[in-house]
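Written below as C-alpha cells is the structure these notes are about.
The values are calculated or read from the model by the stated rules, or taken from the named source; none is laboratory data. Quick caveat: nothing in here was measured; it's all calculated off a predicted structure. Neighbour counts run over all protein chains shown; Cβ positions are idealised from the backbone, glycine included. The area values use the complete protein model at the heavy-atom level, side chains included, leaving out ligands, DNA and RNA. Shrake-Rupley method; radii C 1.70, N 1.55, O 1.52, S 1.80 Å.
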Amino acid sequence: MSRSILATFPSKLFKKRDYAQTFLSLSGYLLPGIVLVLGFLWVKSAEIDVDRHSEYLANLRQMQQLDARIDRNVLQTRDGLLTHYDPIVNDLAKLKQLQTDLKQMPSFVSAEGRKELDRLLQTYTNISQKREESILKFQTQNAVLLNSLSYFPVAIADLTEKEPTQATRLNALLRDILLFNLSTDTALVDRINSEIQQILATSKPNNADVDMAMTHAKIILNRRARVNDLVALVMELPASQSIEELAIAYNRYYQQAIDATNNYRLWFYLLSIVLLAGISAWIVLKIRAYAAATEQAEEKYRSIFENSVTGIFQSTPEGRFLSTNPRLAEIYGCESVSSLLENVTDIERQIYILPERRQELVGLMQEKGAVENFESQVYRQDGTTIWISENTRSVRDCSGELLYYEGTVTDISDRKQAEAALKEAKLIAESANRTKSQFLANMSHELRTPLNVVLGFTQLMARDRLLSTQQQDYLGTITRSGEHLLELINDVLEMSKIEAGQTRLNETNFDLYYLIDTLEEMWRPKAISGGIQLIVERQPDIPQYVQTDESKLRQVLMNLLSNAIKFTQKGSVTLRVSLVEQATSDKGQVTIQFEVEDTGSGIAPEELTTLFNAFVQTETGRRSQQGTGLGLAISREFVQLMGGDITLETQVGKGTKFQFNIPIASADAIERSPKQRHRRVIGLAPDQPRYRLLLVEDRWENRQLLLKMLEPLGFEVKEASNGQEAIAQWEAFEPHLIWMDLRMPVMDGHEATKQIKSHLKGQATVIIALTASVFEEERVVALSAGCDDFVRKPFREEEIFEKMAHYLGVRYIYEPLVPVSKAEATQSQIDRELLDAMPVEWREQLHQAATQVDAEEIVRLIQQIPPEYDSLILALADLVDGYRFDRIVALTQPSA
C-alpha cells in the first residue's frame with residue numbers, strides 16, 4: 001500500500017504544476033515545524049525519573065516516622081522516662097530539613113500539582129510550627145516542674161529535722177504532692193492547698209525554709225497541669241493526617257505524569273509516520289522537477305558542445321599532447337587527431353611563435369593552478385599563424401603531484417564571433433555543472449540528514465524495555481518505512497551520480513558462487529509466496545573466485561530478479577550464469593553471460609525505446625504502482641561501466657529475457673568471514689578508562705541522537721555546534737575521539753580537523769567524519785583533511801560502536817544471544833519421526849496449507865502440536881518465518 005501511494009500520489013500532483021509548486025512551498029514551512037513538534041514530543045515522552053520519585057516518597061515516609069517519634073519522646077519526657085531534650089531537638093531539625101527537601105519537587109509534577117503540593121506542604125509546615133512552639137513551651141514548663149520536684153523532697157526532709165512538730169503535716173504534704181504529680185488527680189488540689197495553709201499557719205513567721213518549700217509545692221501544683229495541657233496540645237495537632245494527605249496527593253500527580261508520558265509517546269509515533277509520508281511526497285516532487293530541468297539543460301549543453309569551435313587537449317608537463325579533440329587538430333591545421341599527436345612532439349617550439357609565451361603559461365599554472373583567456377600567436381601545420389585563447393589548468397593527484405595539463409583552445413582570429421560563442425558555451429556549461437553539483441550535494445545532505453534522525457531515534461526507542469507490543473509495532477513501521485524511503489533516495493542519487501559522470505568502478509575479489517547462492521536464498525521465498533518457481537542454472541565451468549565490482553553486479557541482478565518476480569503471475573523466473581569466452585591472456589579474463597528470463601506479461605514493442613530511460617515505467621509497471629522507474633536505467637549504466645551492455649528479448653503474453661555479457665578476471669581463492677550476528681550493546685565492560693567523546697554537529701537533533709546513544713552506556717560526552725566550538729572543546733576537554741560533521745556554519749569540519757591535526761596533541765585524537773553525502777569524493781576529501789575514518793548518515797548504532805572499538809579498543813557488554821539450539825534450528829534438523837508421530841489428518845492439512853502457501857493456516861496447525869514436541873514447533877515456525885514452504889511440502893509429502 002505504501003508503494004502505491006508513493007508511486008501515484010506525487011505523480012498526480014505533478015501533472016498540475018501549480019498544485020505541485022504550492023505543495024513544495026508549503027513543505028518548506030511545514031516539515032521543519034513537524035520536526036520541531038517531534039523533538040518536543042520526544043522530550044515530553046522521556047522516561048520519568050524513578051530515582052527522584054523514590055527519593056521523594058522516602059522523604060515523606062521519614063517525615064511520618066519522625067512525627068511519631070517526636071510525639072513518643074514528648075510523652076517519655078513528661079513521664080520522666082527521657083531525661084534530656086536532645087532527641088526531640090534533633091528530630092525537629094531533621095523535620096525542618098525534610099520540609100525544605102520536599103519543596104524541591106520532581107520535574108514531572110505538573111504546575112497544578114506543584115501548586116496543590118505546595119499548599120499541603122505549607123499546611124503541614126504551619127502545623128509543625130505550632131507543634132514546635134508548644135514543645136518549646138513544654139520544655140520550659142517541664143524544666144521548672146522537674147526542678148521543683150527534685151528540690152521539694154529535700155526541703156521537706158530538712159524542715160522535718162528542724163521542726164519535728166510539723167513532721168506529720170510535712171510528710172502528708174510530700175505524699176500528696178508526689179501522688180498529684182503522678183496522677184494529676186484534681187481532687188487532691190484542695191487538700192494540698194489546705195495542708196500548705198496549715199503548715200504556714202503553724203510555723204514561725206518569716207521562716208524562709210518553710211516559705212521556699214511551700215513555693216515549690218505550689219509550683220508543682222500549677223506547672224503539672226500546664227505541662228499536661230501542652231502535651232495534650234502537641235498530641236492533638238493533625239501532623240500525621242497532613243503528611244498522609246500530602247503523600248496521597250503526590251501519588252495522584254505521579255500517576256498523572258505517567259499517563260501523560262504514554263500519551264506523548266503515542267503522538268510521537270503517529271506524527272513520525274505522517275512525517276515520513278510527507279517527506280516521501282516532497283522528495284518525489286523535488287526529484288521530478290529536477291529531472292525535467294536537468295534534462296532540458298543537458299540537451300542544450302550537448303548541442304552547444306557538439307557544435308563548438310573550441311579545441312580540447314591534455315598535455316604533459318614536458319610539452320607533448322596526450323589527447324585532443326578533432327577541433328583542436330583542425331585549429332592547428334592537421335588532418336586528424338593522430339596526425340597532430342604524431343607530428344607535434346614539442347609544443348613550446350613547434351606551436352608557439354614566441355616560446356616564452358609557453359613558459360609564461362606554465363609559470364602561471366604552477367603559481368595559480370589554472371589560467372583563463374591566455375592569448376598567444378601560434379603556427380598552423382602549413383606555416384600560417386593564428387591567434388588562440390587558452391583556458392588551462394593543472395591536474396594533480398591527492399598528494400599534490402602534477403599529472404598533466406588540460407584545457408581548451410579557441411581560434412580567435414575572428415575574435416568577436418569566436419569569443420561570443422565561447423562565452424555562451426562556457427556560461428551554459430558552468431551553469432549545468434553548477435546545477436548538478438549543487439543538487440547532488442544538497443539532496444544528499446538535506447534528504448539523508450532527517451532520515452538519520454528518524455531512523456536513529458527509532459533505534460534508541462527500541463532499547464526501551466517498557467514499550468508495549470503496539471508501540472513496538474509502531475517503531476517497526478517507522479523503521480521499515482524509513483528504510484524503504486532511503487532505498488528510493490539512494491536510487492535517485494545513484495542515477496544523478498551516473499548522469500554527472502561521478503560513478504566509478506570499484507573492483508574487488510569475491511566468491512561468485514556465494515553471490516549467486518545468496519541471491520537465490522533471498523528471492524526464493526518471494527517467488528514461492530507469489531506462486532511461481534525460481535530456477536537458478538549455473539554452469540560448472542565458470543570460475544568461482546573473480547574480480548569485478550561485486551556491489552554493482554549484485555545490484556544489477558537484484559533489479560532484474562525483482563522486476564521478473566514482480567511482473568510474473570504464474571510459471572517461473574530463471575537466472576542463468578554461463579561462460580561465453582574462455583581466458584585468452586595471462587590475466588585469466590573470461591566473458592560471463594548473465595540471463596534473467598520470466599514467463600510474465602512481456603513488454604509492448606512501443607515501450608522498448610524508452611525502457612531504459614530514467615523515471616520511465618512500462619504500462620504494467622504503472623499499473624503495479626510500485627518503484628521509481630530507475631532500476632533498469634541504473635542497471636544498464638552499471639553493466640556498461642563493467643564493460644558490457646544489457647539486451648532483451650520479449651513477447652507480449654509470453655515473457656521477457658534480459659541478458660548481458662561482461663569481462664571478468666579470475667582471482668585467487670579468498671576466505672569468506674562467517675556471518676556475524678548483530679548483538680545490541682547495553683553497557684561498557686569493566687576495568688576500562690573513562691572514554692571522552694566530543695560530538696561536533698550543527699543540528700541539535702543529530703547531536704541528541706548520538707548523545708542519547710553514547711552517554712547512557714558510560715561514555716563522557718561533550719557537544720559542539722560548529723568547527724570553532726569543536727577546537728575550543730578539544731583544547732579544554734582533550735577527547736579520545738571526535739565525531740565530526742563536515743557541513744557546518746562558522747567553520748566546517750574539514751577546517752576544524754586540519755587545525756586539530758596540525759598540533760602534536762591532535763595527532764593522538766581520533767577523528768571520524770560524519771556526513772550525509774553519498775559521494776566517494778567526499779570520503780577522499782575528509783581523509784585528506786586528516787580524518788581517521790568516515791561514516792555516512794543514516795548510520796546504524798552497531799557501526800558507531802564498531803568504529804570506537806576499532807580505534808579506541810572499547811570493550812562492550814552485549815545483550816545475551818538467544819541460544820543457537822532454539823533460534824537457529826535449521827530446516828534440515830526437523831526429525832521426520834516427530835512428524836510421523838502427529839496424526840495423519842493433521843499432516844495432510846499441513847501439507848495442503850504449505851502447497852497453498854497459507855502461512856496463517858500453518859501457524860494455526862503448529863499451535864495444535866503438544867508442548868513436549870517443542871523442537872518440532874520451533875523448526876516449523878523457523879521454516880514459516882523463512883518462507884520455506886517448499887521444505888514443508890517436501891517433509892509432509894505422503895510416502896508412496
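In table form, for the structure just shown:
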read-out	value
R0 of 60 Å, Cβ-Cβ distance Thr508-Leu57: FRET efficiency to nearest 0.05	0.45
Under-5 Å amide H pairs with Arg680, H placed in peptide plane, nonlocal only	Glu815
Distance between modelled label sites at Ala225 and Lys570, nm, 7 Å Cα→Cβ extension	11.3 nm
Amide H partners (placed H, <5 Å) of Ser394, local residues excluded	Ala370
Listed peptides 60-68, 562-570 by packing density, highest first (mean Cβ within 10 Å)	562-570, 60-68
Residue order for Val746, Val573 - accessible surface, 1.4 angstrom probe, largest first	Val746, Val573
Cα-Cα over 28 Å, subset of Lys526/Lys803; Lys286/Lys552; Lys286/Lys423; Lys552/Lys757; Lys757/Lys793; Lys94/Lys137	Lys526/Lys803; Lys286/Lys423; Lys552/Lys757
Chain lengthening between Glu424 and Arg396 when straightened (0.36 nm per residue, less Cα-Cα)	7.3 nm
Simple spin-label estimate for Glu356 and Ala293 in nanometres, 7 Å along Cα-Cβ	5.0 nm
Derived scalar couplings ³J(HN,Hα) [the stretch 739-754; Karplus, 6.51 cos²θ - 1.76 cosθ + 1.60; whole Hz; x for Gly, Pro]	8, 10, 6, 9, 9, 8, x, 6, 8, 7, x, 4, 5, 4, 5, 4
Pairs from Lys718/Lys761; Lys368/Lys754; Lys96/Lys218 whose Cα-Cα separation, in the structure shown, is over 26 Å	Lys96/Lys218
Mean separation of Cα contacts under 8 Å (6+ apart) over length of the stretch 47-123, as relative contact order %	38 percent
Where His806, His750, His759 fall by accessible area, highest first, once all protein chains stay in place (1.4 Å)	His806, His759, His750
Compactness of the stretch 832-892 - radius of gyration and Dmax, Cα, Å	10.2, 28
Two-decimal log10 I(q)/I(0) for the stretch 504-666, as the Debye equation yields it once each C-alpha is a single scatterer, q = 0.13, 0.20 Å⁻¹	-0.61, -1.37
Dimensionless Rg/Rh of the stretch 191-315 - Kirkwood Rh, Rg from C-alpha atoms	1.91
P(r) of the stretch 87-225 over all Cα-Cα pairs, binned every 10 Å from zero, in whole percent	10, 30, 19, 12, 12, 10, 5, 2
Gain on full stretching of the segment that runs from Asp541 to Met235 - 0.36 nm per residue minus C-alpha separation	100.1 nm
Square roots of 5 times each gyration tensor eigenvalue, C-alpha, the stretch 681-814, largest first, Å	22, 16, 14
Spin-label pair Ala277/Lys754, simplified geometry with 7 Å Cα→Cβ offset, distance in nm	4.7 nm
Furthest towards positive pole of dipole, Ile768, Leu693, Gly786, structure part the stretch 688-803, Cβ charges	Leu693
At 0.692 mPa s and 37 °C, Stokes D of the stretch 306-418 from Kirkwood alpha-carbon radius, µm² per second	232 µm²/s
